[in-house]
Structure formats: structure tokens, C-alpha cells
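Heads up, the thing below is written out as C-alpha cells.
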Amino acid sequence: VQLQASGGGLVQAGGSLRLACAASGHAFRSYTVGWFRQAPGKEREFVASINWGGGTYYLDSVKGRVTILRDKVKNTVYLQMNNLKPEDTAVYYCAAQLIGGSDKYHMPSAYTYWGQGTQVTVSS
């Protein structure tokens, strides 16, 4: 499985972006997919995840502003981000295939496949 993350960019505070994680391979449709972010000098942080059945989890600080969506026909998972804040600035990564248990959705080490990352910069 290969993942391609896209959709990042420069946006003013309060703006919106939609990130996309496009995958090769039909198996992707059954995987849990997570979005993570990493700001300079910080550890990679969980943002949101969606499982094969559509169940979702979110980082507390993005709840109400971020929605993770899955399009099984396009084999793509989206991260719709609204009301962006400067503290959302980071490189965003998508990851797929959660191993070791469904309760590990927030752990980067629990995912098998990773995309290359897309930069999101929010100006104040």
C-alpha cells in the first residue's frame, strides 16, 4: 500500500483546508487510517482516525473544527479542517493499517504505512 498525502498550504487563521490521503490497493478500504502532525521540535501528534466501519476519533483540541471522512470509491481519506489556528501549523501525515489493537489509534508506532507528509501553515 502506498499513501499520497496532499492538500496542504498557507492559509490565514480562521481559514480552511482539506487534506487528502490517496492510496493504492483495495486493502486500504478495510484499514484504520489516521492523520498525525508534527511541528518543528515536537513529537508527532495524533489528530484524527477513522476505522473501516466509519468510527472516528479526534484530538481534543481539534474537535468541532476537523472532520475525517472516507471515500471508499476513490480510495481516499480526507481531513477537512476549518477555523484553522496558528497552532495547527505542522507537517501532516496520513497513516494506515492499525496493528496491535483498536485502542492504539493514537499511537504513530501502531501504523504500518505512512504517506510523505504535507505542510500546513496558518498565519495569524
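Some observations on this one:
- Length available on full extension from Ser30 to Gln2: 0.36 nm per residue minus the Cα-Cα distance, which gives 8.6 nm.
- For the chain, the relative contact order works out to 36 percent when only alpha carbon pairs closer than 8 Å and six or more residues apart are counted.
- Taken as Cα centroids, the range 49-67 and the range 102-124 sit 13 Å apart, rounded to the nearest whole angstrom.
- Stretched out straight at 0.36 nm per residue, the stretch from Trp52 to Met107 would grow longer than its current Cα-Cα span by 18.0 nm.
- Å² of accessible area per residue within the chain, as computed with a 1.4 Å probe and no ligands counted: 51
- In a simple Cβ point-charge model (Lys, Arg +1; Asp, Glu -1; nothing else charged), the chain has a dipole of about 260 debye relative to its Cα centre.
- Summing Lys and Arg as +1 and Asp and Glu as -1 over all other residues whose Cβ lies under 12 Å from the Cβ of Val66 gives a net charge of +3.
- Debye intensity ratio I(q)/I(0), log10, the chain, q values 0.14, 0.18, 0.23 Å⁻¹ (C-alpha model): -0.52, -0.87, -1.42
- Sorted peptide list for 91-98, 13-20, 38-45, 59-66, criterion being average Cβ within 10 angstrom, highest first: 91-98, 13-20, 59-66, 38-45
The values are calculated or read from the model by the stated rules, or taken from the named source; none is laboratory data. Note that this is a predicted model, so its numbers are computed, not measured. Heads up, the Cβs are rebuilt from the backbone with ideal geometry, glycines too, and the neighbour counts pull from every protein chain shown. Keep in mind that these areas ignore ligands, DNA and RNA; they rest on the heavy atoms of the full protein, side chains included. Shrake-Rupley method; radii C 1.70, N 1.55, O 1.52, S 1.80 Å.
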